1. Just how large is the dipole of the range A:1-122 about the Cα centre, in debye to the nearest 20, putting +1 at every Lys and Arg Cβ and -1 at every Asp and Glu Cβ?
2. Provide the convex hull volume over Cα atoms per residue for the range B:427-586, in Å³.
3. What dipole magnitude, in Debye to the nearest 20, does the protein assembly as shown give about its Cα centre under +1 on Lys/Arg Cβ and -1 on Asp/Glu Cβ?
4. Using 0.36 nm per residue of separation minus the Cα-Cα distance, give me the extension gain between B:A193 and B:K350 in nm, one decimal.
5. Might you work out the accessible area of A:V171 for me, using a 1.4 Å probe with all protein chains in place, and round it to the nearest 10 Å²?
6. Return the FRET efficiency for the residue pair A:S63, B:E5: r is the Cβ-Cβ distance, R0 is 41 Å, and the value is rounded to the nearest 0.05.
7. As a test question: what accessible area, to the nearest 10 Å², does B:E489 have when a 1.4 Å probe is rolled over all protein chains in place?
8. Kindly state, to the nearest 0.05, the FRET efficiency for A:D158 paired with B:E532, given R0 = 51 Å and r defined as their beta-carbon distance.
Amino acid sequence: MFGTYANEDDIRFHTIGVLVDNEPGVLARVIGLFSGRGYNIKSLTVAEVNPEENLSRITIVTSGTAQIIEQIKAQLSRLVPVHNVRDMTLDGPRVEREVALLKVKGRGNKRVEALRIADIFRARAVDSTNESFVFEIVGNTEKLNAFIGLMAPLGLVDVARTGVVAMGRGVEALLGMMSD
Amino acid sequence: MPKEEFSGAEIVLKALKDQGVDTVFGYPGGVTLPLYDEIYKQNFLRHILTRHEQGAMHAAEGYARSTGKVGVALVTSGPGATNTVTGLTDAMMDSIPLVCLTGQVPTGLIGNDAFQEADITGITRACTKHNYLVKDVADLARVMHEAFFVAANGRPGPVLIDLPKDVLMDQAQYIEPAKAKPRSYKPQVKGDAKAIEKAVKMMAKAKRPIIYAGGGVINSGPKASKLLTELVAKTGFPVTLTLMGLGAVPASDPRFLGMLGMHGTYESNMAMHGSDFMLCVGARFDDRVTGALDSFAPQAKKVHIDIDPSSINKNILVDVGIVGDVGAVLGEMMKQWKALKAVPDGKALKNWWADIDTWRARKCLSYKKSGKMMRPQFVLEQLREACQGKDVFFTTDVGQHQMWSAQYLNIEKPNHWMTSGGLGTMGYGMPAALGVQVAHPKSVVVCVSSECSIQMNLQEFATAVQYGLPVKVVLLNNGFMGMVRQWQELFYGERYSETRMEVHPDFVKLAEAFGALGIKVEKSTELKKAYEKMLAYDGPVIIDARIDPTENVFPMIPAGHPHNDMILGPGDTVETANDEEDVVLA
Ligand SMILES: Cc1ncc(C[n+]2csc(CCOP(=O)(O)OP(=O)(O)O)c2C)c(N)n1
Ligand SMILES: [Mg+2]
């Protein structure tokens, strides 16, 4: 921590996991910090992960120079309801997943083609009518982007994405709820 | 037997008592009536009724800054609450520990645009260290204690608690402070020993060192100031202080170079610029201090001690960052310095001091004493002399008089200098002085101000009179928003747009109207007498000192310029001074 960095001015993407008290205003505090200080949010997800302990987990994908990323982590850490901040990008190998729902409208060949591509991407059709499908796809951001890109000319009319959730590989835990 | 229950209002008072609070600054209203009723029934807590909620906030700040305790303010919902926003932001910027209690409409009405409803936790999220809306009286005691912990620990700051009226009336059990530690907030106090050792080794090697210290030293407590002064003596390093740090090392210490930054001394800024090693202690590389970032102390290896990790590497990348309480880290540093038997590089230091002495010889704070009008510098030097030997606290407002005060009042002790540094809030000085005087009834409390700033919270004079708080206000009356006028003169072709108020009250009569004493001073020769009269008078005083309206604050580094680009006096110029950067005002 607190060294000078190689390639200081390069913009990099980091995935940051934050464990917070699930209390009113906590998300506003995190978002307010990003908007107030001009940091980027590429994706942000939040949900309660431990109801007994009243803890929520926030996953943020953000971008900036190394100095800005350090600042973001330091600023997050000093929020009172924040328990733990992990830079998952620096922590090493990790799994990142997003879920997307896509609505594709069409008949005939396009419809067949959409189904074929969904199959390749292991997307599931979770709803269908004579002229539409809703696909569910799970994967990392790049995979979802690719799938959405391919569906665009095939009648894509609606997209909903969850944003990224992430977890480090190996035994290290952010939450530590099952540790004892 | 079930545990005894108390009303929310009673719980608030019990918590204040257990937190050692003996004074609150406040202003009542409909939804805080249950609290005011409890205040009526007890006598451990003194309530100072200000004339405006902003006044209550700055008074609480003055109280906190001069005692090291948490300042407490109590206001009503809606307009009472919104009036605290400037004070909260001020405390946030200057790291002043406050707890601000706001009334709120009953929980059932929240969100309905009820009478005097304001979403104050939403409004103040960005200007408080933390805030709470208490919706259940069962949480109240815990939240109260947690708020005091958060305000005072780590980097201090303001915490707001919003209290709906029904919560103040509902019943619950009380819990003691020891049982209410926050779950998550655990600031780091002790510095990393390895980093400290590294810093000490760098210190021993330094050839042109400088210690640059700020408000964090004051916040850490008098022990930190003592340690810093010892470190300066032990190493023989020169030391400079920020506006917020004044008093951390006595101004009379021969190794003190004066304040640094935009209106800092020539020797401080030159020493910063030329240094090869910088120890930054509880300061934050603010833009008013660093000037142009890319030419800031270009050759210096930098060590930064701060309790707030987000202050480190925020504006300036440093070589060693040490997160921890300044006092704890300085103590450890002294220990390691002794343990390693470190000695400073005497020969190099001697050369360095020789350089510094040539900068000092420019006497950047000298000024022309001739002329018909009084010089503000002289007015302040005389004030300093008049107060010699007394325990004197100074507060200021914002503008030229503030910078002159920083330059000429020579603050000797920590917690004796109260000024709005980060936010630069005109109207801070007078109510802050009230708060200081409440905490130090026997000491002399002087607010140095000017005719514009003082009018921003003038109403608090009545508060001073009501409570017999003998604060002394010295107006450096230049008939202008002097600081803005100075920028117009230097950077806007002397086009004095809207910086002169054509009408001002007669400050002598005004003082009298409040039941205070007013003294007008127009000649330097009258000053001494006026100060004697001021100090002898047992009550609030306004001295209306008419100074030369054309006087400017020097030295000056225009915003965005490097430290060696200083304007030393009238007639001196810096190239390219008139660019966009320059329009950011103090
Ligand atoms: C609340 C607020 N409004 C505006 C400013 C901008 N400002 C900075 S200094 C200054 C002039 C202050 O005039 P005065 O109080 O007469 O002090 P002087 O500079 O003359 O000593 C102004 C308007 C400010 N700092 N605070
Ligand atoms: Mg003025």
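The values are calculated or read from the model by the stated rules, or taken from the named source; none is laboratory data. This one's a predicted model, so the numbers in the text were calculated from it and none came from an experiment. Quick reminder, even Gly has a Cβ in these numbers, built from the backbone with ideal geometry, and neighbours come from all protein chains shown. Each accessible area value is taken on the protein alone, full model and side chains, heavy atoms only, with ligands, DNA and RNA left out. Shrake-Rupley method; radii C 1.70, N 1.55, O 1.52, S 1.80 Å.
1. For this selection, approximately 860 debye.
2. Enclosed volume per residue, from the Cα hull, is 137 Å³.
3. Working: 82 positive and 87 negative charges, 395 e Å.
Roughly 1900 debye, rounded to the nearest 20.
4. Residue separation times 0.36 nm, minus the Cα-Cα distance, leaves 53.5 nm.
5. Accessible surface of A:V171 is approximately 140 Å².
6. Numbers: r = 52 Å, r/R0 = 1.27.
The pair A:S63/B:E5 has a calculated efficiency of 0.20.
7. Surface accessible to solvent at B:E489 totals approximately 60 Å².
8. For A:D158 and B:E532, the calculated efficiency is 0.05.
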